[in-house]
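Heads up, the thing below is written out as structure tokens.
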Protein chains: 2
Amino acid sequence: MNTPSRRLEVWAPDGMPEVAAGDDLAGLVLDALGHGAELADGDVLCVTSKVVSKAEGRVRAGERDAAVEEETVRVVARRGPVRIVRNRLGLTMAAAGVDASNVAPGSVVLLPLDPDASARALRDAVHRRTGTNVGVVVTDTSGRAWREGQTDIAIGAAGLLVAEDFAGRTDPHGNPLAVTLPAVADEVAGAAELAQGKLAGRPVAVVRGRADLVLPPGEHGPGAASLVRPDGGDLFGWGAREAVVRALAGDEADRAPFGAPAAPDELHAAVARVVGTGQALSSALLLTHDDQPRRAALRLPGDADHAAVAAVCFAHGWRIDAWERTGNDVVCDVSPATT
Amino acid sequence: MNTPSRRLEVWAPDGMPEVAAGDDLAGLVLDALGHGAELADGDVLCVTSKVVSKAEGRVRAGERDAAVEEETVRVVARRGPVRIVRNRLGLTMAAAGVDASNVAPGSVVLLPLDPDASARALRDAVHRRTGTNVGVVVTDTSGRAWREGQTDIAIGAAGLLVAEDFAGRTDPHGNPLAVTLPAVADEVAGAAELAQGKLAGRPVAVVRGRADLVLPPGEHGPGAASLVRPDGGDLFGWGAREAVVRALAGDEADRAPFGAPAAPDELHAAVARVVGTGQALSSALLLTHDDQPRRAALRLPGDADHAAVAAVCFAHGWRIDAWERTGNDVVCDVSPATT
């Protein structure tokens, strides 16, 4: 009756026991999956970070706030009680991924120290004990910048193509698919969450039907770390309010999240916007021998505010070297901050 | 052999024809699913926005850039060729969701005018023709602020609980799950994408196994629009660089994305950070009869930069009413911008 189709199965077994520090996680996971009989080559085995952390002893007694601070590299945005931070793993999340649910009251669970390594260890153990070649994803629950609610994402992965790269491929109409990079590991994590739920004690799930994403035994692939944009590599390294405060405060330590130096024309346009729409403004640009901008001079209206121009330069990865009044204008020499 | 578990099936049928303006989308979708025989009550039927748009005639000849502009409400962040914009639907996406793939070369596909309405129409048509009560999700491909690659998300939904609300629920350990709100509609969309792929001409998928999320016939639920944070309701309404430029330019039209007025202590801390760490600074606060802040006075060091303080106030939803030098200090009267 069924038409030809691509079919996936996703299941999350009941009966996984509470996990404690030092437990044999692979053994418990395999037990929950019919002693491994339910696994087949090409399956993707998903495990919540929570049980990985518990097995690895990443549970702390005490206050959640102290644990969040410990895991935080940088507070990206804060409003009232909400703190969005970038954590040790480069993940930008509320509360650094520290979780006080599904753990004994008064305790908190930190994320695994190296979730890709945790995924590799679980994959190797499954292969060693059952001979089955699976991909492994370690999942965690994450909010999104512009959308309500959370989805599960892959914070660790082994033996899995975490993103399908279509660069150089074309669609059936012949259009290039240059920027299409489906983050399939995150979609696998979300599918697993649909089967697991949050309250039913099902931290394990299997996704079957995408064996094309699973790598040969011994090849672990790039891991979920490859899905994290490097600091400064995204456009949202600071919350909107924090960006304003950081740029005006101008501490060098706060510069990296704004990213690499902007192209000179982008800096020029940004400064022009701030010193006054329609104001006369010109810029001259000096290049290095390899065509990288080395220095630029901005001619600004005489009433241009130094603090404002400095903040715009800071946010664009440039710094002011000189600020000189010439007649009715100001000439502002700037250079890229990282050179 | 199988242990007790929660099981999901996801399948994406082959054989869906190319869709054109005015086509009977429900008819084509049902045909691809064994004339509807493959659907059961409680299934979630997923359709890419692309085929919905094509059926609704949302295809334009011409340049992608012009179409992006048409769909854009606000450019949130821009760097080089990358434009992250908030579009008509409130979705923050690269290129406003305008797509030039899987369409005839020289044409672009805009998002449906009202994807929740499209989902409701498809759901009603399926019910009318087959008697089957399904949930419907209209999917689209979206990047994320801090992660590489894209996942599919729900931009339209009907008859589906788009988020599971655990407010007031407790985990098995008795911990409250106050902020846990799994955006299951987005996870369903991602699972569908895993079955559909980008190149195989499978724009339809069915997710079976979460009938608990599907509402009774006639109840369409809140739709995917409810997953969109309102403008200013997120902390990332501007890219980091754009935030700096917009706050310093201070155009009232750019204020809303920064959000509602900050609490006075947050404004105070932000201004203190900018006028110089360790500088003497105090503030007095006047409240309205309903305890809402009405006015505050900030005492600032005499060398505080007016443009800088104004920008911080702007970004925090406040405005400067007066700026008066008194001895060595400045007294700066401020009030919430929206009152």
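Peptide B:248-256 has a mean shielding of 3, counted as Cβ atoms of other protein chains within 10 Å of each residue's Cβ.
Magnitude of the charge dipole for the protein assembly as shown, about its Cα centre and with charges confined to Cβ atoms of Lys, Arg (+1) and Asp, Glu (-1), is about 160 debye. Distance distribution P(r), region B:196-248, all Cα-Cα pairs, bin width 10 angstrom from 0: 16, 23, 24, 24, 12, 0 percent. What longest region of chain B stays clear of GluC sites (Glu not before Pro) that DSSP places outside H, G, I, E and B and that have at most 16 other Cβ atoms within 10 Å? Formally, the longest exposed-site-free interval is B:64-218.
Please quote Rg/Rh for region B:6-62 to two decimal places, taking the Kirkwood radius as Rh and restricting both calculations to Cα atoms. Checking Rg against Rh, the ratio lands at 1.04. Rg and Dmax of chain B, both derived from C-alpha coordinates alone, stand at 25.1, 85 Å. Simple spin-label estimate for A:ASP333 and B:ASP31 gives 7.2 nm between the two label positions (7 Å along the Cα-to-Cβ direction from each Cα). The charge dipole of region A:1-62, taken about its Cα centre with unit charges on the Cβ atoms of Lys, Arg (+1), Asp and Glu (-1) only, comes to about 360 debye. Contact order for region A:25-162, expressed relative to its length and based on alpha carbon pairs under 8 Å spaced 6+ residues apart, stands at 27 percent.
Projecting the Cα atoms of B:LEU298, B:GLY149, B:ALA119 onto the charge dipole of the protein assembly as shown (Cβ charges, centred on the Cα centre) puts B:LEU298 farthest toward the positive pole.
Rounded to the nearest angstrom and listed largest first, the equivalent-ellipsoid semi-axes of the protein assembly as shown from its Cα gyration tensor are 45, 30, 24.
Among B:VAL47, A:VAL76, the ranking by other beta carbons within 10 Å of each residue's beta carbon, starting with the fewest, stands as A:VAL76, B:VAL47. What is the calculated FRET efficiency for B:ALA297 to A:ARG78, with r their C-beta to C-beta distance and R₀ = 30 Å, to the nearest 0.05? Working from the Cβ atoms, E equals 0.80.
Beyond 22 Å in Cα-Cα separation lie the following of the pairs A:LYS198/B:LYS50; B:LYS54/B:LYS198; A:LYS54/A:LYS198: A:LYS198/B:LYS50.
Using C-alpha pairs below 8 Å separated by at least 6 residues, the relative contact order for chain A is 16 percent. Position A:ARG88: other-copy label points at 4.8 nm, ordered by increasing distance, label point 7 Å along Cα→C-beta. Label reach from A:ALA256 (point 7 Å along Cα→C-beta): in region A:208-245, amide nitrogens under 12 Å belong to A:230-233. For region A:104-149, the alpha-carbon coordinates run over 41, 30, 16 Å along the three principal axes, in decreasing order.
Please report the spacing between the Cα centers of region A:149-222 and region A:287-339 in Å, no decimals. Answer, in whole Å: 45.
The P(r) of region A:86-217 has a tail past 24 Å containing 38 percent of all C-alpha pairs. Our compactness index for region A:177-226, the C-alpha radius of gyration over the empirical 2.2 N^0.38 Å, is 1.37. For the pair region B:118-139 / region A:8-75, the C-alpha centres are spaced 37 Å from each other. Within 10 Å of the Cβ of each residue in B:266-276, the mean number of Cβ atoms contributed by other protein chains is 3.
Based on the convex hull around the alpha carbon atoms, region B:134-284 presents an average projected area of 15.2 nm². Once C-alpha pairs closer than 8 Å and six or more residues apart are averaged by separation and normalised to the residue number of region A:168-327, the relative contact order reads 17 percent.
Per-residue ellipticity at 222 nm from helix content only, as computed over chain A with -39500 (n - 2.57) for each DSSP H run of at least four residues, stands at -7500 deg cm²/dmol. Against the empirical 2.2 N^0.38 Å (N residues), region B:25-151 has a Cα radius of gyration ratio of 1.17. Here's the picture: a label point sits 7 Å out from the Cα of A:ARG128 along the beta-carbon direction, and within region A:199-225 nothing has its amide nitrogen under 11 Å of it.
Helix A:240-249 and the longest principal axis of the C-alpha atoms of chain A enclose an angle of approximately 50°.
Charging the Cβ of each Asp and Glu at -1 and of each Lys and Arg at +1, and nothing else, the dipole of region B:11-143 about its Cα centre rounds to 600 debye.
Ordered by the count of other Cβ atoms within 10 Å of each Cβ, fewest first, B:ILE153, B:ILE320 give B:ILE320, B:ILE153. Between copies, the label points of A:ALA269, set 7 Å from Cα on the Cα→Cβ line, lie 3.5 nm apart, reported in increasing order to one decimal in nanometres. The C-alpha radius of gyration of region B:54-126, expressed as a fraction of 2.2 N^0.38 Å, stands at 1.18.
Taking other C-beta atoms within 10 Å as the exposure proxy, A:THR141, B:THR92, A:THR130 rank A:THR130, A:THR141, B:THR92 from fewest upward.
No value in this document is a laboratory result; all are computed from the given coordinates. Worth saying up front: this structure is predicted, and the values here are computed from it rather than measured. Note that we place each Cβ from the backbone using ideal geometry, even for glycine, and neighbour counts take in every protein chain shown.
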